[in-house]
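Below is one structure; the comments refer to it alone.
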Amino acid sequence: MDIVIGLDKIANVYKVVIDADEYLTPSKVTIRVGQGKLNEEVNYKNARTSKFQKPVVLEFHRRERSVSRLESKNAFTDAVGQYIWITIEKPIPLSQNPHNQIEIKKLTVLGYPLPEELLRRTPIPESPKLEQNDEDDVTSLKMEKLELEPKGVPKKEKKIERHSYEGDGMSMKEETNLSGDPLTSIRTIRRVLEQKMEKANFDGKTIQATVCLRAIQRIDEYEARIEDLATRRSRALEAGDLEMAERHRLAMIDCRDTVFRAVHVDLLLDRDELRAIGEQSEWAD
């Protein structure tokens, strides 16, 4: 079964969070972000001809008795587009689900719209078009639109959440260089990686130096995004829109956490380096 979500604007979709029912659980969910032409009508036909990025696959397993609830699954998409194509595989066989049903209790898309000026200067990356063998299997033929900034939702239903590092083995200690301002956090990590890269070059560790360089380049990309979000947050505060300012603040935090996850900060730095800057990882302990 496929679900297609259309966004009102082309956006940077950096994470999709899936919450499934503990008994009506899919075995696997595949998520792709696709980009079509600028200002084209958002519909199923155009979604089919869009350029989709490399898919992110989430595998689900039956809940263990020692666990109180089924954990959310995070897909770190980090892709630009106006379509999110979700493919849901057959359910996990359970006695509590005799009719083989599937229930997605909650689907959260985290990202922010990109300015048209930037999109006009950036070509759509070349990638294969999405292939779909049976169009009847697609749930959203009429194309459900999802606004990044919901309007007309009753206040009691509005809930601002952040999903950074949920269930991925990483956490941050409170009141450290990394748990405060996101810009300060990534700049701190960048300095540490620069020092590590210089030492690796001096010691002749070419591979380690190259990995650090790539991580620094990725951090630079996210630093620009966080700076843009910080500007948007300041404007929202000036306009007295506290809710929008909070959304931008949480988006900044999620950007920071996403890039740390993407460059595998906990694996690039050793245990002492992680502890020195306030980062904690189950893999490094």
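See the values below:
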| quantity | calculated |
| --- | --- |
| As computed over segment 1-84, the Cα convex hull volume per residue (Å³) | 95 Å³ |
| Length added when fully stretched, Leu237-Lys90, from 0.36 nm per residue minus Cα-Cα | 48.3 nm |
| Under-5 Å amide H pairs with Leu94, H placed in peptide plane, nonlocal only | none |
| Cα-based convex hull volume of segment 41-87 per residue, rounded to whole Å³ | 103 Å³ |
| Cross-link table Lys9/Lys90; Lys73/Lys105; Lys9/Lys106; Lys45/Lys73; Lys9/Lys51, entries beyond 24 Å C-alpha to C-alpha | Lys9/Lys90; Lys45/Lys73 |
| 5 Å-binned pair-distance histogram of segment 177-281 (Cα, whole percent) | 2, 13, 22, 21, 16, 10, 8, 4, 2, 1, 0 |
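Read-outs: derived from the displayed coordinates by stated rules, not from any lab. Note that the structure is predicted; figures quoted are calculated from it, not measured.
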